[in-house]
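Q: Below: one structure in structure tokens.
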Amino acid sequence: WHCVLFPLVFVLGAAAGLYPLSVLYDHFGATVGLLNFGGLAFCALLYAKGLSRLGLRPSGPDAGSSGKGLLFDYYWGTELYPQLGGVDVKRFVNCRISMTYWMLAGVSFAAASHSRHGRLDPGLVLCAASQFVYLVKFFYWEIGYMRSIDIITDRAGFYETWGCLVWVPSIYTLHTRSMVQLPSGLSWPA
């Protein structure tokens, strides 16, 4: 239901006048800056948690240093399945933040393109729609993804956590974001 509920709430919030539908495009730089800063700090918190520092306790017996130094442990992580307040950090960051942002970004970027150019760009709409369908499939198969080899073997450090918080919203949306400024030039069938 997540893949239906969040886009619906996002569109209804814009329809109610709480924000423009293009809000994710309009504030993209500030959003990525906040995610970057927050992601670096969050990775530091996870590092400390996995090493039982700052009064935080690891979530399981898999926690601890790799023995390869601070930078490696920060990059790779110190816990395989960290939890904060009973919430699975890897699942929350990956599925609820990064993939949800990617899904909503297509809608927001299409709205920004329409606002700038006075029409819906077919290339952007088709790109955003194909991403939306892919992400619906992702959320439908979410438990399978959480059992994939990279999730099973990668610890929650900079590599995995910062990558989901910053890399996915920045890079996976690059083509739809760039199409706002540079429309595809395609036309709708007559």
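The values are calculated or read from the model by the stated rules, or taken from the named source; none is laboratory data. These numbers come from a predicted model, not from an experiment. Backbone-built Cβ (ideal geometry, glycine too); neighbour counts: all protein chains shown. Heavy atoms of the whole protein, side chains included, go into the accessibility calculation; ligands, DNA and RNA do not. Shrake-Rupley method; radii C 1.70, N 1.55, O 1.52, S 1.80 Å.
Q: Can you go through 47, 25, 19 and tell me which one is surrounded by fewer than 15 Cβ atoms within 10 Å (Cβ to Cβ) and hydroxyl-bearing (Ser, Thr, Tyr)? Reasoning before the result, please.
A: On the way: 47 fails: surrounded by fewer than 15 Cβ atoms within 10 Å (Cβ to Cβ); 25 fails: surrounded by fewer than 15 Cβ atoms within 10 Å (Cβ to Cβ).
Result of the check over 47, 25, 19: 19.
Q: Ok, one more. Which ones in region 43-98 are hydroxyl-bearing (Ser, Thr, Tyr), touching a residue at least 60 places away in the same chain (Cβ under 8 Å) and over 25 Å from residue 172 (Cβ atoms)?
A: Taking region 43-98 as the starting set, the residues that turn out to be hydroxyl-bearing (Ser, Thr, Tyr) are 47, 52, 59, 65-66, 74-75, 78, 81, 98.
Now restrict to residues that are touching a residue at least 60 places away in the same chain (Cβ under 8 Å): 47, 74-75, 78, 81, 98.
Passing the criteria: 47, 78.
Q: So, one more: All but one of (1) closer than 23 Å to residue 21 by Cα; (2) out of contact with any Pro (no Cβ under 8 Å at 6 or more places or on another chain); (3) of a type in the set (S, T, N, Q) hold for residue 98, so report the exception by its number.
A: Unmet condition: (2).
Q: All but one of (1) at pLDDT 95 or above; (2) out of contact with any Phe, Trp or Tyr (no Cβ under 9 Å at 6 or more places or on another chain); (3) over 20 Å from residue 151 (Cα atoms) hold for residue 104; state the number of the condition that does not hold.
A: Of (1) at pLDDT 95 or above; (2) out of contact with any Phe, Trp or Tyr (no Cβ under 9 Å at 6 or more places or on another chain); (3) over 20 Å from residue 151 (Cα atoms), only one is false for residue 104: (2).
Q: Looking at this structure, is residue 124 assigned to a helix (DSSP H, G or I) and in contact with a Ser or Thr (Cβ under 8 Å, 6 or more places away or on another chain)? So that I can check it myself, show each step before the final result.
A: Values: assigned to a helix (DSSP H, G or I): yes; in contact with a Ser or Thr (Cβ under 8 Å, 6 or more places away or on another chain): yes.
For residue 124, the condition - assigned to a helix (DSSP H, G or I) and in contact with a Ser or Thr (Cβ under 8 Å, 6 or more places away or on another chain) - is met.
Q: Return the residues of region 33-44 that are of a type outside the set (Phe, Trp, Tyr) and open to solvent by 60 Å² or more (accessible area, probe 1.4 Å); say none if nothing qualifies. Write out each step before concluding.
A: Kept after step one, since they are of a type outside the set (Phe, Trp, Tyr), are these residues of region 33-44: 33-36, 38-41, 43-44.
Scanning region 33-44 gives 34, 40.
Q: Quick one: residue 30 ticks every box in (1) modelled with pLDDT of 95 or more; (2) loosely packed, with under 13 Cβ neighbours inside 10 Å; (3) in contact with a Phe, Trp or Tyr (Cβ under 9 Å, 6 or more places away or on another chain); (4) of a type outside the set (Ser, Thr, Tyr) except a single one, so which number is it?
A: The number of the failed condition is (3).
Q: Take the residues in region 149-180 that are within 16 Å of residue 89 (Cα to Cα) and assigned to a loop (DSSP other than H, G, I, E, B), then tell me which one is most open to solvent (accessible area, probe 1.4 Å).
A: The residue in question is 155.
Q: Which one is modelled with the highest pLDDT among residues in region 57-78 that are charged (D, E, K, R) and open to solvent by 60 Å² or more (accessible area, probe 1.4 Å)?
A: Restricting attention to region 57-78, the residues satisfying the condition of being charged (D, E, K, R) are 57, 62, 68, 73.
From the residues that got through so far, the ones that are open to solvent by 60 Å² or more (accessible area, probe 1.4 Å) too are 57, 68.
Details: 57: 89, 68: 94.
In this case the residue turns out to be 68.
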